[in-house]
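Written below as structure tokens is the structure these notes are about.
The values are calculated or read from the model by the stated rules, or taken from the named source; none is laboratory data. All values reported here derive from a predicted model rather than from experimental measurement. Here the Cβ positions follow ideal geometry from the backbone for every residue, glycine too, while neighbour counts run over all protein chains shown.
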Amino acid sequence: MAVKQTDATSELPDRETSVAILERMLLIRRFEERAGEMYAKAKIGGFLHLCIGEEATIVGAVNAMRAEDYLMSTYREHGQAIARGTDPNNVMAELFGRVDGVSKGRGGSMHLFDWERRFLGGYGIVGGNLPLATGVALACDYRGTDDAIVCMFGDGASNQGTFGESMNLAALWKLPVVFMVINNQFGMGTSLERHSAVTDLSRKAEGFGVPGSRCDGMDVLDVHRVVGEALRKAREDRQPQLVEAVTYRFRGHSMADPEEYRTKDQVEEWRKRDPILVFKQRMADAGLITDDDYQALDEQAVKRVDAAVEFADNSPFPDLDSLYDDIYVYGDQVKGWYAVDERAPKPHRGEEERDAGDLAHELAEAGAAYAGAEYENDRQRHSGDDTFGTGEPAGETRDEEGGGD
Ligand SMILES: Cc1ncc(C[n+]2csc(CCOP(=O)(O)OP(=O)(O)O)c2C)c(N)n1
């Protein structure tokens, strides 16, 4: 896998714009690093997928969108939310599972959502967001709007059946959608060459009638240029597009990744093309920024993230009474708990937690008791050693090893 060098063909924007781009990428980087730390300290539950290394791909693409456009992403989406303008406080609070999180603490890291900014998530099912994005594009078209959607997914997701199904319908119905494959070289621990017969992913949808283009995902300006043009074609010519951004994730797939599928040398080779440092150097060469300016921007990003952690820490966990709010299931599946199958003008029975049947309550309480016992066991296992060098009491840390998503 060759490391593509930046051609640096896209012109550098004015100082103010360039600083804003750098600022945003730095904020995402520092946010992700801190999220990793908070995960190790067990402040964050579930899984955590960091986008460190992919900042140019994210910021370049999001900056090419209009405010009215929609964005849909995968579980590796903290950066997308921040790039779209969601307050880092609410993103961190969601990671912490607190009520002030963007999804009221119910979604966690993989399910960020911000309707106001038309950020439609955060999606845990690999390839599951492609048909949904196609549906959103259909809605944009059906309502006669000028809006479009950018749907981001990984190289691994391009092997899902949903990829072909979505491309076909988008092309057939001439929908305003840009499918953006973030090729970070791996689907979990499987490299692109080992999981996809076609490795030029920009061409993978051609047979379905969706033309593609490729950008250097480590070059924020190149991404901006290519996604901007793809959005124009999707919006104005009603021709859906596939954009491949060639990038690399510097960290493991998730926090539970021993990274046995790649060498340190390979990671180091790609780190030489760190999208933030490369962009900073271009700005410095053009006389737009000094080392002191950069230092100040970095400190500002760190402070912003400090504030986000403090905010998240001070936000309460959702009330146990709200456990059954905003949840829809069919009545047959959980006894005494009804929702979508009983549409009526009045509040639905399942929307009142108190109406939930005994069984649902018992299950919830048993689950909470079980989680408490696990936590205690974990504390005892770690008591007395600072395994991860976090400087925190050992019981506050978690084991990062072991399989997982
Ligand atoms: C349908 C489905 N199958 C399997 C998984 C488990 N899984 C989680 S992430 C992942 C790898 C996806 O890789 P890629 O699409 O390249 O995205 P990346 O993680 O590199 O951003 C897999 C297989 C899942 N979440 N959903």
Complete set of residues in segment 160-182 that are within 8 Å of the ligand (Cβ to nearest atom) and either in contact with a helix residue (DSSP H, G or I) (Cβ under 7 Å, 6 or more places away or on another chain) or not assigned by TED's automatic domain parsing to the domain that holds Glu259 (or both): Ile182
Which residues, counting only those in segment 137-159, are assigned to a helix (DSSP H, G or I), more than 16 Å from the ligand (Cβ to nearest atom) and either of a type in the set (Asp, Glu) or buried (at least 23 other Cβ atoms within 10 Å of the Cβ) (or both)? Ala137, Asp141
Could you list, ordered by first residue, the pairs with Cβ atoms under 9 Å in which the first is in segment 12-24 and within 8 Å of Met283 (Cβ to Cβ) and the second is of a type in the set (Lys, Arg) and in a helix (DSSP H, G or I), at least 6 apart or interchain? Leu12/Arg282; Ser18/Arg282; Leu22/Lys280
Say we look at segment 92-129 and pick out the residues that are part of a helix (DSSP H, G or I) and crowded, with 24+ Cβ neighbours inside 10 Å; which of these is nearest to the ligand (Cβ to nearest atom)? Asn129
Please work out if Gly79 is away from the ligand (no atom under 16 Å from the Cβ) and either assigned by TED's automatic domain parsing to the domain that holds Gln295 or basic (Lys, Arg) (or both). no
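I'm trying to understand the selection: among the residues of segment 1-39, which are hydrophobic (A, V, I, L, M, F, W, C) and at pLDDT 95 or above? Walk me through how you get there before you give the answer.
In the first step, residues of segment 1-39 are kept if they are hydrophobic (A, V, I, L, M, F, W, C); the result is 1-3, 8, 12, 19-22, 25-28, 31, 35, 38.
Residues satisfying the conditions are Leu12, Val19, Ala20, Ile21, Leu22, Met25, Leu26, Leu27, Ile28, Phe31, Ala35, Met38.
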Restricting attention to segment 190-211, does a residue exist that is in a helix (DSSP H, G or I), touching a residue at least 60 places away in the same chain (Cβ under 8 Å) and more than 20 Å from Ile52 (Cβ to Cβ)? yes
